[in-house]
Amino acid sequence: MNKLRAFVVVGCLTLAVALAFVELRYGYGPASRGGYVTALVAVVLLPAVPVVAAHAKFALRRLAEYRRNGSGLSFERDSIFVSADTVSDAEQALTDIEAAVEAADEYDECRRDRFGEGRGLNVRHTGFHNSFVRVAGDGRLVVTGASQNTHSLAALVERVASLTMERTRAHPFFARKPVRGAPRAFLGLFLVVVFVFGAGGVVGAAYPADAYSAPERAVLVGYDARAAATPGYDATDATLDKAAFLVDSLGEEAVEIGWDRDDADKLTTHGRQAVFLSETVSAQLSAAREDASATSERERVATLEADLHAAECRVAAQITDRVESGNVEGDASALVGAGESLRASAADAGYACSTEA
């Protein structure tokens, strides 16, 4: 199995298993529909793209062959003769043809040769020209060459094998071949992109909220998968790790609000995402507090709550600083409301936020 095929197989299996895990762990809803569709499209594209590429390559080669040969069949181009019927004993047919060629005066040499399709005859004539007799996979005799003598050889084969040899432009051994060389490298790169696209769909189905970036979704799914597969690491551990991770993400919103452009809609989006993260972490810590059985777990919940409210205050202070400095273009009421919501959340827990960033 080549590397590209191995990647396709492993990639499809990985996405399929991940999709099954997400379906069992998180379920299916309207918000997650897009993620599931994206992942399923990737599962279909991964094995389909190499096949389509091979078919496209074959079609282009066939078209190029037709254009090169023109509308007719000439002695100057490769001559291809295929029997209308099949032979029952390919080895005996080749032996009879070999004997007939050796008995004829117009051929210089006839010898057995091995081709990609199997054994056949290599017939030399006029000093340097060669014609070939082979047996196709379906049992038909095939004579190929590029001179007038190829026609006489086809006539000889026709007499010896008692079969009608028909001239054709469709080479029976002109088959589809995998993409090779530089195009194969680009194909591999494209398949990697498709896999990443599908992986993004998987984690998007698990955590569809817009507040999460694709890497953040992947980290969150990783914690859940670890809890499901690793002994000694339970759901409470995963919840606390996710809460700690999202507290850091909440703190990054303060940086985004401070550095992003002045557009009110963009800044408001960051504010709403901060509120969403605050509410999500609060819910996670409440659940962890109820499930915590060890003192260390309860202490970690308390530490994360303090970190959460500190992050809320930083975001709220950054919003105030941005609005009061006049660096907001447009209606800032929703942004101000997000800051007030974050301050209220911290105040409810007994944390008084400063108004300075």
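For the reader, a short list of remarks on this structure follows.
- The single condition from (1) within 42 Å of the chain's Cα centre (by Cα); (2) modelled with pLDDT of 90 or more; (3) not small (Gly, Ala, Ser) that Leu63 fails is (2).
- Hits in segment 82-106 (condition: surrounded by 18 or more Cβ atoms within 10 Å (Cβ to Cβ) and part of a loop (DSSP other than H, G, I, E, B)): Val87
- Filter result for Phe174 (within 33 Å of the chain's Cα centre (by Cα), modelled with pLDDT under 90 and in a loop (DSSP other than H, G, I, E, B)): yes
- All positions within segment 227-241 that are surrounded by fewer than 21 Cβ atoms within 10 Å (Cβ to Cβ), assigned to a helix (DSSP H, G or I) and among the small types (Gly, Ala, Ser): Ala227, Ala228, Ala229, Ala235
- Checking Asn130 against (1) part of a strand (DSSP E or B); (2) modelled with pLDDT of 90 or more, the condition it does not meet: (2)
For every residue, the table says whether it meets (1) without any contact (Cβ under 8 Å) to a residue 60 or more places away in the chain; (2) within 43 Å of the chain's Cα centre (by Cα); (3) within 30 Å of Ala238 (Cβ to Cβ).
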{"residue": "Ala254", "(1), (2), (3)": "no, yes, yes"}
{"residue": "Ala264", "(1), (2), (3)": "no, yes, no"}
{"residue": "Thr268", "(1), (2), (3)": "no, yes, no"}
{"residue": "Gln273", "(1), (2), (3)": "no, yes, yes"}
{"residue": "Ser282", "(1), (2), (3)": "no, yes, yes"}
{"residue": "Leu304", "(1), (2), (3)": "no, yes, yes"}
{"residue": "Ser325", "(1), (2), (3)": "yes, no, no"}
{"residue": "Glu329", "(1), (2), (3)": "no, yes, no"}
{"residue": "Ala332", "(1), (2), (3)": "no, yes, no"}
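- When we screen Val37, Val52, Val43 for residues that are surrounded by 14 or more Cβ atoms within 10 Å (Cβ to Cβ) and of a type in the set (A, V, I, L, M), the only hit is Val43.
- Criterion (at pLDDT below 90, crowded, with 18+ Cβ neighbours inside 10 Å and in a helix (DSSP H, G or I)) met by exactly one of Leu153, Leu220: Leu153
The values are calculated or read from the model by the stated rules, or taken from the named source; none is laboratory data. No experiment lies behind these values; they were computed from the predicted model shown. Neighbour counts are summed over all protein chains in view; Cβ atoms, including those assigned to glycine, are modelled from backbone coordinates with ideal geometry.
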